[in-house]
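Notes to accompany the following structure.
Laboratory data are not the source of any read-out in this text; all were calculated from the coordinates shown. What you see is a predicted model, and the numbers here were worked out from it, not measured in a lab. Cβ sites come from the backbone with ideal geometry, for glycine too, and all protein chains shown count toward neighbours.
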Amino acid sequence: MGDYEVPMEVIDILFGKQLTFPGGAKVADFFYNAFLKLWNNYDVWVTGHSLGAAMAGLAAGYVVQMGYVPKEKIRLITYGEPRTGDSQYADLIDQNYQHHSTEIWYQNNMTAGLPYKTCEGDEDKSCSAGIPIYEINTFAHTTYFDIDVGIFTRRDCHYWK
């Protein structure tokens with residue numbers, strides 16, 4: 001084929017056999033088959049802060065419960081997550097993800113090098129669950145390792161002091 005081999009391959013990919021994509025659309029079999037080979041090898045990471053953390057937990061739980069992603073492929077990391085549901089919800093999330101109920105607790109401020117405690121369980125009173133709601137420190141909720149989350153996100157995840 002010589003000079004025509006690559007263009008012919010491209011034409012075959014773009015205009016050749018098509019497969020049905022979920023939802024009924026047709027897609028090039030080359031791309032769809034490549035996607036399916038890669039898809040099963042990736043983990044799905046879901047993360048969020050504060051209200052976004054609650055949404056991340058719901059999203060991770062949803063895709064597992066609906067059968068979209070196996071629980072072994074989900075990586076859920078949240079920061080400052082509020083109590084999103086009842087104890088049945090917390091148990092459900094814990095059944096589907098390893099260590100969802102684990103909390104890393106800095107008793108004073110979250111600064112690199114300071115000691116922290118690893119808290120297991122949903123309501124460890126020696127960690128954040130032991131702070132009455134009227135004593136919650138909003139600065140601690142929005143500052144991680146001396147970085148203000150609000151400023152960080154407004155600057156497209158770039159931080160300059």
Next on the checklist: With +1 on the Cβ of every Lys and Arg and -1 on the Cβ of every Asp and Glu, and nothing else charged, how large is the dipole of the chain about its Cα centre, in debye rounded to the nearest 20?
Outcome noted: 200 debye
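Normalized C-alpha radius of gyration of the chain, against 2.2 N^0.38 Å?
On the way: Rg = 22.6 Å, N = 161, 2.2 N^0.38 = 15.2 Å.
Relative to the 2.2 N^0.38 Å estimate, the chain comes out at 1.49.
Per residue of the chain, what 222 nm ellipticity follows from adding -39500 (n - 2.57) for every DSSP H run with n ≥ 4, rounded to the nearest 500?
Details: 6 runs with 58 residues, N = 161.
Helices in the chain give a 222 nm mean residue ellipticity of -10500 deg cm²/dmol.
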Checklist entry - Considering the dipole of the chain built from charges on the beta carbon (Lys and Arg +1, Asp and Glu -1) around the Cα centre, which of TYR116, HIS141, ALA90 is farthest to its positive end? => result HIS141
